[in-house]
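Novice: Before I ask anything, here is the structure I am working with.
The values are calculated or read from the model by the stated rules, or taken from the named source; none is laboratory data. Every value quoted in this text rests on a predicted model; they were computed, and no experiment measured them. Every residue, glycine as well, gets a Cβ built from its backbone with ideal geometry; the counts of neighbours run over all protein chains shown. All accessible areas refer to the heavy atoms of the entire protein, side chains included, with ligands and DNA or RNA removed. Shrake-Rupley method; radii C 1.70, N 1.55, O 1.52, S 1.80 Å.
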Amino acid sequence: MKISAVRGVKDILPEEVWKWQFIESASRRIMENFGFSEIRIPVFEYTELFARSIGQGTDIVEKEMYTFQDSKGESLSLRPEGTAGVVRACIDHHRLQPDSVSKLYYTGPMFRHERPQKGRYRQFYQIGAEVFGTDNPWVDAEILSMLHLLFEQLGISGTVLQINSLGCTECRPVYRKALQKFLRNEQASLCTDCRRRTAGNPLRVLDCKRPDCKEATQSAPSVLASLCRDCMAHFEMVKGTLDLMGVPYEVNERLVRGLDYYTRTTFEILTDQLGSQNAVAAGGRYDGLVEQLGGRPTPAIGFALGMERLAALLPEETNHSRAKPLYLAPLGDAAMERMPLLLHQLRARGIPVDTDYLGKSLKSQMRQADRIGAAYVGILGEDELNDGVILLRNMETKAQTKVPLEGFVDQIAETLAGEGA
RNA sequence: GUGGGUGUAGCUCAGGUGGUUAGAGCGCAAGGUUGUGGCCCUUGAGGUCGGGGGUUCAAGUCCCCUCACUCACCCCA
């Protein structure tokens, strides 16, 4: 039987991997400039961690986790998202001290057992960041500005930042009740999903795509109007700060996030280029989660961005060239025997160099050199061996010079350095 | 989990109403240049036609099942 990749996972092949590297390095650079430090956490945790943080009733926990038992009978799960693990690690290592802020970022694969679709995989890569220890609205604006800058540097355009506030433990339950009351009167015009949601996740009804449901919820009570004084002030400050920084955004009162832990500010960065997977990055504030997981009360905010989705938006013309290598073309056994040492010496000097291992003709070696974008080809055949030289061809100008074998490594190092490569 | 579409060479795809050795372009390889890349030309390698079963003298083509991919729903990065 032919073995193949598991459904919903994919290989990132060499032709494409530059996109991941590019996104990762740009993200790292920006996040570190913003004062974030990387944390690497396990890809699996006790199932209970996810159940308690993401929420028992959510689809992610109910049916999308890869859960298994280890040999001791403990229930473990592959992480479906990163925040829970980061919070757990911070609590574990007592890193959340009172009156101090910590900024962390992570990157790596996440796992969800969903039906695969464009921009949606069962193993997918996220980059995420979290700020612990402050509910200062400036921080909310700061991470949004960070995302804004990141997208700018990646050359991604055509995305929209939407923000909303879901309120805190004071005002959110009040709103939820009011909304439920409203929805109960509208049951007749809601779809079956939304009727079900009314009880468990009423806010989600606002985000339903069905025209009938949209229509029915036109006059639903507004989240923003029901925010308590503090939450209102907080949201106003977030918006004001974004305005001040010139970070464009839209307020979307119907923006609801799927994870239970969000409070106050929530946001998504949307694109219209990925079909129905329109969120490239998303996140929000989660002021109650740390305490809920057994840490001291610590306000926090974070986001995650989907690398596959971001990669799909990268402009094709993005510059991802690497240093042009040297190519050594040996002709004949005697020349080939010289290769291992020569290559080693060149590489020890940090010179990118490759060669042919198959004893191919010069013509086909030249083709290969061209394919890999070699700046120079060093030809070593019988004539050159007799003269003690290597014929160095500049692939662009086609100029060829004889370089003594003796000082070849020094000479080529100088030549390449001279070109300011 | 539900529904639609699609599976033919490494990639993108042709293959009226079943008919004998299954094709093209790109890519790959060799040659055209006694040792010189890109362009051009020639030749070549590469296919269990997703898999299994059925109908038929005969199936890439028709039927059933299955798997995968894909799009939408659900949900989400």
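Novice: Name the residue from A:Gly373, A:Leu343, A:Gly407 whose Cα lies farthest towards the positive end of the charge dipole of the stretch A:326-413, charges +1 on Cβ of Lys and Arg and -1 on Cβ of Asp and Glu.
Specialist: Positive-most Cα among the choices belongs to A:Gly373.
Novice: List the longest stretch of chain A that has no exposed loop site; here a site is one of the GluC sites (Glu not before Pro) assigned by DSSP to anything other than H, G, I, E or B, with at most 13 other Cβ within 10 Å.
Specialist: In short, A:171-315.
Novice: A:Ile390's amide H: which non-local residues (gap 5+, or another chain) put their own amide H closer than 5 Å, with H modeled 1.01 Å from N in plane and none for Pro or chain starts?
Specialist: Distant-sequence amide H within range of A:Ile390: A:Val403, A:Leu405.
Novice: If you don't mind, another one. Apply the Karplus curve 6.51 cos²θ - 1.76 cosθ + 1.60, θ = phi - 60°, to the phi angles in the stretch A:205-214 and return the couplings in whole Hz, x for Gly and Pro.
Specialist: The phi angles translate into 4, 5, 9, 5, 8, 5, x, 4, 5, 4 Hz.
Novice: Another question, if that's okay. In whole angstrom, note down how far apart the Cα centers of the stretch A:363-421 and the stretch A:9-66 are.
Specialist: 45 Å
Novice: So who's got an amide H within less than 5 Å of the one on A:Tyr125, skipping anything under 5 residues away but keeping other chains? H placed 1.01 Å off N, in plane.
Specialist: Amide H neighbours of A:Tyr125, under 5 Å, 5+ apart: A:Met110, A:Met307, A:Glu308.
Novice: Follow-up. For the stretch A:267-317 and the stretch A:329-360, write down the distance between their C-alpha centroids in whole Å.
Specialist: If we compute the Cα centre of each part, the gap is 48 Å.
Novice: Which shape class applies to chain A: rounded if a/c is under 1.5, otherwise prolate when a/b exceeds b/c and oblate if not, where a ≥ b ≥ c are the square roots of the Cα gyration tensor eigenvalues?
Specialist: Working: a/c = 2.56, a/b = 2.42, b/c = 1.06.
Verdict is prolate for chain A.
Novice: What nm distance separates the two modelled labels at A:Lys181 and A:Ser222, each placed 7 Å from Cα along Cα→Cβ?
Specialist: Going by the 7 Å Cα→Cβ label model, 1.9 nm.
Novice: Measuring from centroid to centroid over Cα atoms, what is the spacing of the stretch A:125-141 and the stretch A:78-105 in Å?
Specialist: Their Cα centres are 12 Å away from one another.
Novice: What percentage of the solvent-accessible surface of the stretch A:326-413, computed with a 1.4 Å probe over protein heavy atoms, is contributed by carbon and sulfur atoms?
Specialist: That share works out to 49 percent.
Novice: Residue-wise, which Karplus ³J(HN,Hα) couplings in Hz belong to the stretch A:262-275, taking 6.51 cos²θ - 1.76 cosθ + 1.60, θ = phi - 60°, and x for glycine or proline?
Specialist: Whole-Hz 3J(HN,Hα) from phi for the stretch A:262-275: 6, 9, 6, 4, 10, 7, 9, 10, 10, 9, 9, 9, 10, x.
Novice: Continuing with the same structure: Based on the Cβ-Cβ distance of A:Thr67 and A:Ala323, what FRET efficiency does E = 1/(1 + (r/R0)^6) give at R0 = 41 Å, to the nearest 0.05?
Specialist: 0.35
Novice: Can I ask one more? How far apart, in nanometres, would the label points at A:Gln292 and A:Asn394 be if each is projected 7 angstrom from Cα along the Cα-to-Cβ direction?
Specialist: Once both label points are built, they end up 6.5 nm from each other.
Novice: Could you list the residues of the stretch A:26-48 with an amide nitrogen less than 19 Å from a label point located 7 Å from the Cα of A:His113 in the Cα-to-C-beta direction?
Specialist: Once the point is set 7 Å along Cα→Cβ of A:His113, A:43-48 turn out to lie under 19 Å by backbone N, inside the stretch A:26-48.
Novice: What residues qualify as long-range amide H neighbours of A:Thr58, i.e. H under 5 Å apart, gap of 5 or more or another chain, H built at 1.01 Å from N?
Specialist: Here the answer is none, since no amide H 5 or more places off falls under 5 Å of that of A:Thr58.
Novice: What nm value, rounded to one decimal, do you get for the distance between A:Val251 and A:Arg347 when each label is placed 7 Å out toward the C-beta?
Specialist: Calculated label separation equals 6.0 nm.
Novice: Anyone know which of A:Ala300, A:Ala329, A:Ala233 comes out most mobile in the 10 Å Cα GNM of chain A?
Specialist: A:Ala329
Novice: A further question follows. Given charges of +1 on the Cβ of Lys and Arg and -1 on the Cβ of Asp and Glu, with all other atoms neutral, how large is the dipole of chain A about its Cα centre, in debye to the nearest 20?
Specialist: Working: 51 positive and 55 negative charges, 327 e Å.
It comes to approximately 1580 debye.
Novice: So what is the relative contact order of chain A, in percent, for Cα pairs below 8 Å that sit 6 or more residues apart?
Specialist: Computed over chain A, the figure is 15 percent.
Novice: With θ set to phi - 60°, apply the Karplus curve 6.51 cos²θ - 1.76 cosθ + 1.60 along the stretch A:59-66 and write out the HN-Hα couplings as whole Hz, x wherever there is a Gly or Pro.
Specialist: Rounded to whole hertz, the list is 4, 4, 6, 5, 9, 10, 8, 8.
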